[in-house]
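Take a look at the structure set out below.
The values are calculated or read from the model by the stated rules, or taken from the named source; none is laboratory data. On a predicted model such as this, the values are computed, not experimentally measured, just so you know. When we count neighbours, we look across all protein chains shown, and the Cβ atoms used for this are built from the backbone with ideal geometry, even at glycine.
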Amino acid sequence: MRALLQRVSEAQVRIDGDVVGACGPGLTILVCAMRGDTEAKAETLAAKVAKCRIFHDEMGKMNRSILDIGGSALVVSQFTLAADTHSGNRPGFSAAAPPEEGERLYTLFSQALQAQGLAVQTGRFGADMQVSLVNDGPVTIWIDI
């Protein structure tokens, strides 16, 4: 599985003008299930995200996790994280999991984050979403499991 973490002051996702999920301060997590990914990978990724120390401590060092700061998360499915741009000008997405499997693992990832003790809101799998956020730092981290 693949995730792009963005440390945010606030974030929200809209569908047809309606806010369906929001968070802040915390993380916006764009997540993509890849072909061959398993439930174990989704759970491992959730644990890694929850413990990733990218928030400032009292000394100003990135030494705290989202759990440590009591932050919240907005999880958005994004199959385009599987883009293959090695040849030509049009990305290929064949490395992404098929839609049913991608949705299942996206849901499992979100539930595994909640099980870690995080307040989690989500977008809607497969929907045309508009995501807005205030990137704090900016801090953006890529994780592949």
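A search for C-beta distances below 6 Å between a residue of the stretch 20-47 that is at positive phi and crowded, with 21+ Cβ neighbours inside 10 Å and any residue that is in a helix (DSSP H, G or I) and at pLDDT 95 or above, counting only pairs 6+ apart in sequence or on different chains, returns GLY26/ILE66. In this structure, GLU10 does not satisfy being loosely packed, with under 13 Cβ neighbours inside 10 Å and in contact (Cβ under 8 Å) with a residue 12 or more places away in the chain. Let me spell it out: the conditions are (1) under 16 Å from the mean Cα position of the chain (by Cα); (2) among the hydrophobic types (A, V, I, L, M, F, W, C); (3) exposed (fewer than 14 other Cβ atoms within 10 Å of the Cβ), and LEU74 meets all of them except one. Which number is the exception? Tallying (1) under 16 Å from the mean Cα position of the chain (by Cα); (2) among the hydrophobic types (A, V, I, L, M, F, W, C); (3) exposed (fewer than 14 other Cβ atoms within 10 Å of the Cβ), LEU74 fails exactly one: (3). Residues in the stretch 80-92 that are surrounded by 13 or more Cβ atoms within 10 Å (Cβ to Cβ) and either of a type in the set (Lys, Arg) or out of contact with any strand residue (DSSP E or B) (no Cβ under 6 Å at 6 or more places or on another chain) (or both): ALA83 only. Residues that are closer than 18 Å to ALA42 by Cα and among the small types (Gly, Ala, Ser) within the stretch 62-115 comprise ALA73, SER77, ALA82, ALA95, ALA96, ALA97, GLY102, SER110, ALA112, ALA115, listed in sequence order. Please determine, by comparing only the residues of the stretch 135-144 that are surrounded by 14 or more Cβ atoms within 10 Å (Cβ to Cβ) and more than 13 Å from the chain's Cα centre (by Cα), which one is farthest from VAL19 (Cα to Cα). It comes out as VAL139.
Annotation for the stretch 1-16: no member residue is in a loop (DSSP other than H, G, I, E, B) and closer than 13 Å to SER132 by Cα. Among the residues making up the stretch 109-134, those that are more than 11 Å from the chain's Cα centre (by Cα), under 18 Å from LEU4 (Cβ atoms) and outside any loop (DSSP other than H, G, I, E, B) are ALA112, GLN130, VAL131, SER132, LEU133, VAL134.
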